[in-house]
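Trainee: My questions will all concern the structure given below.
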Protein chains: 2
Amino acid sequence: MTKTANKTRRAQPKEVRKEQLIRATIKCVAKHGLSGITVALVTREAGLSMGIANLHFESKEKLLLETLQSVTDEYAAGQTSILESADFPSTGAKIEALLAFDFSPAVIDKNKLAVWFGFLGEARSRPTYQRICSRQDSMAEESIAALFRLALDEAGDRVADADLLAAGYIALIDGLWLNALVDPRRLPWDKARSAARHYLASAFPKHIALAR
Amino acid sequence: MTKTANKTRRAQPKEVRKEQLIRATIKCVAKHGLSGITVALVTREAGLSMGIANLHFESKEKLLLETLQSVTDEYAAGQTSILESADFPSTGAKIEALLAFDFSPAVIDKNKLAVWFGFLGEARSRPTYQRICSRQDSMAEESIAALFRLALDEAGDRVADADLLAAGYIALIDGLWLNALVDPRRLPWDKARSAARHYLASAFPKHIALAR
DNA sequence: GCAACAAATGAATGACCGTTCATTCATTTC
DNA sequence: GAAATGAATGAACGGTCATTCATTTGTTGC
């Protein structure tokens, strides 16, 4: 269970412990849900003592918030590095990369997605969760809409609405993740990825091919 | 707060009270989230005494389960009545009705959606929640795929995959609901509906028009 | 109008859990 | 190697909450 079965208690810098506790929290939220999580569960998962959570984070609530932030930051970093890169040979390649990223192993990790949807499910009643989740999405929407606008321009498409396509893409990805997470037998990850590709292929037929 | 400020305590048949408590639970889950809900909150919302929840439902957990079931049943009933009806003048009209239903006031009710996503967010760690949520979706997917297959046949389309389109549609609707619920300023309901129409219009150009 | 019954109440109970803090112990400093 | 430092521990505390049940109150049958 515990990674290192150290007999002796080793002091570690604050940052190392915080990271360790956040990783344990992600696992526990995935296993027990947001409403089933307890400090004892998390600290046991981390192989540490109960009091450690309040020592490094001020409270359980702060630990949960930093965990959510950590998951969204990681996603945002990966996504931004694609959207802000100038190294892609074409607009199509950039859209292609976005799709590949959204279904890459680090992103469709069950534990991280469980954290994301666990907090989203409570977001309406917790302003702080809501702020973290929707700041993530609104920054993304802006850049994705710009990328889509560029693709439409290149294709000479004057009717399609890039904003609408971007909002639809983000929602579709969220929905596919959620469906595949909750019941992977009904919606296997490959099928989810195909559905997303389908969406992009019909919006940008000159850039994205149906099959891959 | 309480609907009827009755002075006198009135005995009511079991079914009436259960309905009343389920309605109060929906409101409370929306207001406080699944992890913030308490029996005291629910019974106060219903204007009844604490003990009533355990009198009519065996436990808090059973009350929550019946609440989830009630929300999904209501949705399933409305959806099934469209999908199984033979009264539509055309396949396009039936698809159009499905879309209208998915954004009708009774369906995009904030409280009911909050219940749906609250439970979905915990579904991975609660097999019972998972079973209720995904049974709903898999019955729907079957019928929607059949409808889409019919539309593709009518259009002479031999390449598109009706199963994939149905899975995508369900996921898209889930994602749009979730995004509009969490941050309606970023994704207003009108825009969400337009995004869904866009999806259908590009899959079934001979049946669904872009604008409405 | 009076039993007999059923519905509803809410104070009491006990389990669970977040937080605290006196204590332990590894590490550093001189 | 002794003293100082601060990371880590976990038993104890107090608050919250689901559940129980003795009691009250409305309803039904006669």
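The values are calculated or read from the model by the stated rules, or taken from the named source; none is laboratory data. No experiment lies behind these values; they were computed from the predicted model shown. For neighbour counting, all protein chains shown are included, and Cβ atoms are generated from backbone atoms with ideal geometry for every residue, glycine included. Side chains are part of the model used for accessible areas, which takes the heavy atoms of the whole protein and leaves out ligands, DNA and RNA. Shrake-Rupley method; radii C 1.70, N 1.55, O 1.52, S 1.80 Å.
Trainee: Quick check on my filter: what residues within the stretch A:108-139 are touching a Gly at 6+ places or on another chain (Cβ under 8 Å), open to solvent by 20 Å² or more (accessible area, probe 1.4 Å) and not small (Gly, Ala, Ser)?
Mentor: Passing the criteria: A:124, A:126.
Trainee: Name the residues in the stretch B:155-178 that are touching a helix residue (DSSP H, G or I) at 6+ places or on another chain (Cβ under 6 Å) and open to solvent by 50 Å² or more (accessible area, probe 1.4 Å), would you?
Mentor: The answer is B:163, and nothing else.
Trainee: Can you tell me which of B:197, B:185 is basic (Lys, Arg), in contact (Cβ under 8 Å) with a residue 40 or more places away in the chain and open to solvent by 20 Å² or more (accessible area, probe 1.4 Å)?
Mentor: B:197
Residue-wise test of (1) of a type in the set (Phe, Trp, Tyr); (2) surrounded by 13 or more Cβ atoms within 10 Å (Cβ to Cβ); (3) more than 7 Å from DNA strand D (Cβ to nearest atom).
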site	(1), (2), (3)
B:40	no, no, no
B:53	no, yes, no
B:64	no, yes, yes
B:69	no, yes, yes
B:76	no, yes, yes
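Trainee: Among the residues of the stretch A:57-65, are any within 14 Å of another protein chain (Cβ to nearest Cβ) and closer than 22 Å to residue A:143 by Cα?
Mentor: No; the residues of the stretch A:57-65 include none that is within 14 Å of another protein chain (Cβ to nearest Cβ) and closer than 22 Å to residue A:143 by Cα.
Trainee: Residue A:58 is checked against (1) in a helix (DSSP H, G or I); (2) within 16 Å of DNA strand D (Cβ to nearest atom); (3) among the acidic types (Asp, Glu) and fails just one. What number does that condition carry?
Mentor: Unmet condition: (1).
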